[in-house]
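Remarks on the structure that follows.
Where a number appears in this text, it was derived from the coordinates with a stated rule and is not lab data. Here the structure is a predicted model, which is why all the values come from computation and not from measurement. Here the Cβ positions follow ideal geometry from the backbone for every residue, glycine too, while neighbour counts run over all protein chains shown.
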Amino acid sequence: MDIENDSSKLYKIAFIGKENKPAVFKYKIKDSPDEKNTNSGEGELINQNEFWINMSCSGACDPVGTTIPVTVQWEGKKEELILTLH
């Protein structure tokens, strides 16, 4: 994740496994504690190696130390991770 400017974040999802990459995956990014800025949907990696998600912040983006839960699901598998802003 990169903070592009004071009012938007850019998330990049890339498959780094050794097996074939999934054609389609689902994602959920919980960008605030109250679910107000939750972004979820489907992405595809058929013709690309990376999928980009641009999210607008309501006002300034989160401060350093903020944690952001992310869930990615593909082909019956699920990975949950926590991003921390530094």
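A cut-off under 14 angstrom between Cβ atoms defines the neighbours of Val72, and their net charge, with Lys, Arg +1 and Asp, Glu -1, is +1. Straight-line cross-link reach from Lys12 at under 18 Å between alpha-carbon atoms covers these lysines, not counting any fewer than eight positions away in the same chain: Lys21, Lys26, Lys28, Lys30, Lys78. For Thr66, the residues whose amide H sits under 5 Å from its own are Leu85, ignoring neighbours fewer than 5 places away on the same chain, with H placed 1.01 Å from N. Modelled label positions at Lys28 and Glu42, each set 7 Å beyond Cα in the direction of Cβ, lie 1.7 nm from each other.
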